[in-house]
Amino acid sequence: MAEAVPDAVTSAGAGAGAGSRADDSADDSADDSGGDSGGGGGDGMWSSLTVGVGAARGVPVDEVLALVLETLRENGLRPGEVTEVATVEARAAEPGVVAAAARLGVPLVTYPAERLATVAVPNPSAVVLAAVRTRSVAEAAALAAGGELLVPKRVSAPVGRPARATCAVAARRTGVTSATPDIPATPTASTVTRITGSP
């Protein structure tokens, strides 16, 4: 039986394979067609964007990156506004997730499943709970340091095989930190993986 994809729900799509490096030029023509953004990051209202990623083991980097880039584009956001990729600690060394963060040029931040399980999310999943001990990965990881959920979880749509990636986007406004005492706005050093270059 195929492994359950963390946060896999209804539909949403990743496009075809993404390029070797993401930059702002990839989204110069972005529009607001996503409808869930609550305001794009391009207007300067956000201090940082966090992309939460859920993934099954063996997920290809192109699937993760294509999903992230399409999700940003459809919601009027740009890759250059992303300050970190976040996921569950169990996927800290997953090559496809690590490489996606590297290509975006941002750190990969990881949280224990127990921490993510305390984060309130709009789309919890019992399937995800059984797989990684938290009802959400993408949304919970995006929100773990506080902020506002701009884009609920999206699911990749590879051709000819099951989806292996999900993502969600959260933002923090300038000067705003988490109001939840047991979820710090800045993860401890032990939960942060700094990406220095593409593998």
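Please treat every number below as a calculation from the coordinates, not as lab data. Predicted, not measured: the structure shown is a model, and the values here were computed from it. Every residue, glycine as well, gets a Cβ built from its backbone with ideal geometry; the counts of neighbours run over all protein chains shown.
Quick notes on this one:
- Ascending count of other beta-carbon atoms within 10 Å, so fewest first, for 47, 125: 47, 125
- The residues 161, 91, when put in order of fewest to most other Cβ atoms within 10 Å, stand as 161, 91.
- For the pair residue 148 and residue 47, label points projected 7 Å from Cα toward Cβ lie 1.5 nm apart.
- Gained length - residue 92 relative to residue 118, 0.36 nm times residue gap less alpha-carbon distance: 7.4 nm
- Relative to the compact-globule estimate of 2.2 N^0.38 Å, the Cα radius of gyration of the range 72-177 comes out at 1.04.
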